[in-house]
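Right, one structure below, let's go through it.
All of the numbers you see were taken from the coordinates with simple rules; none came from a lab. The structure displayed is predicted, hence computed values, not measured ones. Every residue, glycine among them, receives a Cβ derived from its backbone with ideal geometry; neighbour counts consider all protein chains shown.
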Amino acid sequence: MGDDSRESYRRDSILETLVITANRHDFELDLILTVDGKAVTGSLISATDYLEGLGSLFEQRTDEHSAKLSERFYEASKGAGDHGTAAFIHLENVYIEGEKAAVSALWRGRLDQVSGFVIGKPDRRTQ
């Protein structure tokens, strides 16, 4: 088996298509990802929304370093996701299996580290 087929195995082309669609068309979708054997639940968002969210997060802080970080994230958000491929997936309103509460409003992970996914969200009433 050549390197090309191993690379395609590492990154699910269907999930990558969903990420590219989110990046290009402001498309959101609830997902459950399997990463390192744990379920990561959240809503798929674009790279632009992720970077703008980070910009907003640091904008709320009052120190000089946070202000600079905020500016950099806002600047990076311009044109983010304009590529024909994706290496990272971005979620908001994230819950990681085994945690007592939502871990973060924003989450970023490598697509090649996702071993499976489900479209939808878990029914928390049965957990």
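Packing-based ranking of 39-48, 23-32 yields 39-48, 23-32, ordered from highest to lowest mean Cβ neighbour count within 10 Å. Projecting the Cα atoms of Ile119, Leu44, Ala76 onto the dipole axis of the chain, where Lys and Arg carry +1 and Asp and Glu carry -1 at the beta carbon, places Ile119 farthest toward the positive end.
With a Förster radius of 35 Å applied to the beta-carbon distance between Glu99 and Glu64, the computed FRET efficiency rounds to 0.60. Among the lysines of the chain, pairs at least eight places apart or on separate chains and with Cα atoms under 25 Å apart come to 4.
Placing +1 on the Cβ of every Lys and Arg and -1 on the Cβ of every Asp and Glu, with no other charges, gives the chain a dipole of roughly 320 debye about its Cα centre.
Close amide H pairs (under 5 Å, H built 1.01 Å from N) link Ala39 with Glu97, residues at least 5 positions away or on another chain. Site pair His25 and Thr85 shows an inter-label distance of 2.2 nm when each label is modelled 7 Å from Cα along Cα→Cβ. Computed with the Debye formula from one identical point scatterer per Cα of the chain, without solvent, the log10 of I(q)/I(0) at q = 0.09, 0.12, 0.13, 0.17 Å⁻¹ comes to -0.29, -0.50, -0.58, -0.91.
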